[in-house]
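Structure first, commentary second.
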Amino acid sequence: YTILSKVHSDRNVYPSAGVLFVHVLEREYFKGEFPPYPKPGEISNDPITFNTNLMGYPDRPGWLRYIQRTPYSDGVLYGSPTVENVGKPTIIEITAYNRRTFETARHNLIINIMSAEDFPLPYQAEFFIRNMNVEEMLASEVLGDFLGAVKNVWQPERLNAINITSALDRGGRVPLPINDMKEGVYVMVGADVPFSSCLREVENPQNQLRCSQEMEPVITCDKKFRTQFHIDWCKISLVDNTKQVSTFQEVIRGEGILPDGGEYKPPSDTLKSRDYYSDFLITLAVPSAIALVLFLILAYIMCCRREGVEKRNMQTPDIQLVHHSAIQKSTKELRDMSKNREIAWPLSTLPVFHPVTGEIVPPLHADSYDNTSMPLMQPQQNLPHQTQIPQQQSAGQY
């Protein structure tokens, strides 16, 4: 059902295109590459992580994935090879990091992808298993149990696991760390016979209605999976490649699709020196010269072309100058007279009589006093002829 292999130095593997490929990176194997534990008699349990990449490139091929949950668990390479890579050896560099000693060990995995034309699987079904993580599903025992349950329901002559994808890679959310929740995994299998009636039950109108209402559909063969696998039947996908007609549709380039610009060609290492003198003249010298010319023109107009008061008087008629002078003299005389006039003091601000004796209080200022600058309100505590009001004494002091 699947191709399994253990890690070895410069190991050659031969997966088939369109069939699930699984390669386990065992920590026990790489422990021998690192020095022994410092304390004698204690078992080494160093945290080891792996880094995998295509030789000469920083990442892996697009069809190959890698997962390792913790530094104390094995790493797994998995994926479904494509037909485009058939006959081309793919060299994967595997680098193991010892997180205790910070030492590394490197091995090469040579993947020789073989053609799968002798085993066409036109009928493909993708299941979504809710109670599994991807590394749990990649185990040979668990994957074998699932394929056995599918074979009992489907009854094909040939059945292969095509691909396994984590729900997180399909846009799923990370589950909460409660009640041992799983992220879920998509498993695609292929067979050589049409789909069984049990798998076709998900296409019934009643089940489609229940799925639209977020209810569990009624599937007769669900009990064969329920003991170990919780399948979401509303997310099952059935693909019949025998009825699909491959039609080429030209891509209409528009918003969201960038035109193909070919391969990236970086600039040459030997760049020619560039003279920025002309750029300096254009950006700084030319605007500065224009601003200086405008400043000189404005200074000439403001300073050298003034007519002055004398020229203005010479061009003005005499009778108009006499009238203007008389108006100025009259205005000055009125202003001088307004300074010396007496203004009656507002009655609301003057104390009319003494608060105790009732006598009339004389004015607070002399007649020659300039009352134009006196405030309207006078402080009462400075007024003359003001007596203290006797305070009421307490009883018993008379």
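Quick one: which of 82-90, 218-226 comes out on top by average Cβ neighbours within 10 Å, and what's the full order, highest first?
By packing density, highest mean first, the sequence is 218-226, 82-90.
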## Note on the structure
Simple SL model, points at 7 angstrom along Cα→Cβ for Asp279 and Ile67; separation in nm is 5.2 nm
### Task
Would you work out which of Leu168, Asn152, Val142 lies farthest towards the positive end of the dipole of segment 123-240? Charges go on Cβ: Lys and Arg +1, Asp and Glu -1.
Asn152
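So how strong a dipole does segment 123-240 carry about its Cα centre when Lys and Arg Cβ are +1 and Asp and Glu Cβ are -1, to the nearest 20 debye?
Charge dipole, segment 123-240, about its Cα centre: 200 debye, nearest 20.
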### Message
Given a 1.4 angstrom probe, I'd like the percentage of the accessible area of segment 11-113 that is carbon and sulfur, rounded to a whole number.
### Response
52 percent
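Need one word for segment 123-240: rounded, prolate or oblate. Basis is the Cα gyration tensor (sqrt eigenvalues a ≥ b ≥ c); a/c below 1.5 gives rounded, then a/b vs b/c decides.
oblate
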### Summary
Once both label points are put 7 Å beyond Cα along the C-beta direction, the Thr82-Tyr300 separation in nm becomes 7.5 nm
### Query
Once a ≥ b ≥ c are taken as the square roots of the eigenvalues of the Cα gyration tensor of segment 114-156, is the result rounded (a/c under 1.5), prolate (a/b larger than b/c) or oblate (a/b not larger than b/c)?
prolate
## Note on the structure
Label model pair Glu263, Ile236: point-to-point distance (7 angstrom along the Cα→beta-carbon line) in nm is 4.7 nm
### Query
What does the charge add up to near Arg210, with Lys and Arg as +1, Asp and Glu as -1, over the other residues with Cβ less than 12 Å from its Cβ?
-3
### Task
Please list the non-local residues whose amide H lies under 5 Å from the amide H of Ala116, H modeled 1.01 Å from N, same-chain partners needing a gap of 5 or more.
Ala17
### Summary
With no solvent term and unit scatterers on the alpha-carbon positions of segment 11-113, Debye gives log₁₀ I(q)/I(0) at q = 0.13, 0.17, 0.24 Å⁻¹ of -0.50, -0.78, -1.30
#### Entry: Accessible area per residue, Å², segment 123-240 with all protein chains present, probe 1.4 Å
51 Å²
#### Entry: segment 11-113, dipole about Cα centre (Lys/Arg Cβ +1, Asp/Glu Cβ -1), debye to the nearest 20
80 debye
### Query
Could you give the radius of gyration (one decimal) and Dmax (whole number) of the Cα atoms in segment 147-209, in Å?
15.2, 41
## Note on the structure
Net charge (Lys, Arg +1; Asp, Glu -1) of residues whose beta-carbon lies under 13 Å from that of Thr104, Thr104 excluded, is -1
### Query
In whole Hz, what ³J(HN,Hα) sequence does segment 48-64 give by Karplus (6.51, -1.76, 1.60; θ = phi - 60°), x for Gly and Pro?
10, 10, 10, 10, 10, 7, 6, 4, x, 9, x, 9, 8, x, x, 8, 9
### Task
Distance between Cα centroids, segment 148-211 to segment 47-87: provide it in whole Å.
24 Å
### Task
Could you please report the charge total around Ala149, scoring K, R as +1 and D, E as -1 over all other residues with beta-carbon less than 14 angstrom from its beta-carbon?
+1
### Query
If you take the square roots of the eigenvalues of the alpha-carbon gyration tensor of segment 69-128 and sort them as a ≥ b ≥ c, do you get rounded (a/c under 1.5), prolate (a/b over b/c) or oblate?
oblate
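The values are calculated or read from the model by the stated rules, or taken from the named source; none is laboratory data. Quantities reported herein were computed from a predicted structural model and do not represent experimental measurements. Heads up, the Cβs are rebuilt from the backbone with ideal geometry, glycines too, and the neighbour counts pull from every protein chain shown. These accessible areas exclude ligands, DNA and RNA; they are computed on the full protein's heavy atoms, side chains included. Shrake-Rupley method; radii C 1.70, N 1.55, O 1.52, S 1.80 Å.
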